Each structure stands twice: as structure tokens, then as C-alpha cells.
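As C-alpha cells, the structure follows; a few thoughts come after it.
The values are calculated or read from the model by the stated rules, or taken from the named source; none is laboratory data. Note that this is a predicted model, so its numbers are computed, not measured. Every residue, glycine as well, gets a Cβ built from its backbone with ideal geometry; the counts of neighbours run over all protein chains shown.
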Amino acid sequence: MVEKEHRTPIESGNRGNPTPQWELFVRQEAGEPMYHVGSVAAASGAEAHEHASRLFGRDAVDIWCCPAAEVDRYSVRGLASDADDRGSDEPHIDEETADTPRVRES
């Protein structure tokens, strides 16, 4: 196992939106791993599922909607520096997850 830099907790706050935030995970086919596809703002889990289905779940067999407030985030850099790193239109590909399946474009 590769030794990583020390990670510290990240306070995510309400991301500028008072509506609860939900982290979305999908599985494209049975037997594949779940992977994070994004987040949505929604008043309930059912509403988050509706948004997730429309945005990411056309072909997904499973969708998990997790309250973002319940997700503990840790990083070697803060969210602000992460956003700065992604200023271009190029997708960000992390070395550790480069071979992870992605949501298929239609």
C-alpha cells in the first residue's frame, strides 16, 4: 500500500445553498462497484433520487443518494484548492481512479 500525505478534515458547509445536498453513487451493471457521479440539492431522498435518475441513472441498476452532511471528507488539500486545479474544461482524472468505469454518455 502506498503511503499518502496526511489528510485533514474538510468543512463543506452548505455549499452556498440552504437546500440539503446529496452525494450520488451509481452502479451501471450488477457486479460492478458503486462510484461517485456527483451531487444534487434536494429537500428529500426521494427528490434526490428523481434528480439522480434523470441526470445519471438512465442505464444504472443501482443509485445511492447519501446526505452530504453525513459524509466525512478528508483531503491533503482543501476544497478551494481542488476547485482551482479544475479551472479548465478538461475532466479531472485522479491517478488512483483512472481505470474506474465512468457514466456512459448518451
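Among residues of the range 51-73 that are surrounded by fewer than 17 Cβ atoms within 10 Å (Cβ to Cβ), those with a beta-carbon under 9 Å from a residue that is part of a helix (DSSP H, G or I) and modelled with pLDDT under 90 at least six positions away or on a different chain give the pairs Arg73/Leu79.
If the condition is being more than 13 Å from Phe25 (Cα to Cα) and touching a Phe, Trp or Tyr at 6+ places or on another chain (Cβ under 9 Å), then the range 46-57 contributes only Glu47. Of the residues making up the range 42-60, those that are modelled with pLDDT under 95 and either touching a Lys or Arg at 6+ places or on another chain (Cβ under 7 Å) or among the aliphatic types (A, V, I, L, M) (or both) are Ala52, Leu55, Asp59, Ala60.
Does the range 22-74 hold any residues that are under 25 Å from Arg7 (Cα atoms) and part of a loop (DSSP other than H, G, I, E, B), and which are they? Of everything in the range 22-74, those that are under 25 Å from Arg7 (Cα atoms) and part of a loop (DSSP other than H, G, I, E, B) turn out to be Pro33, Met34, Val71, Asp72, Arg73.
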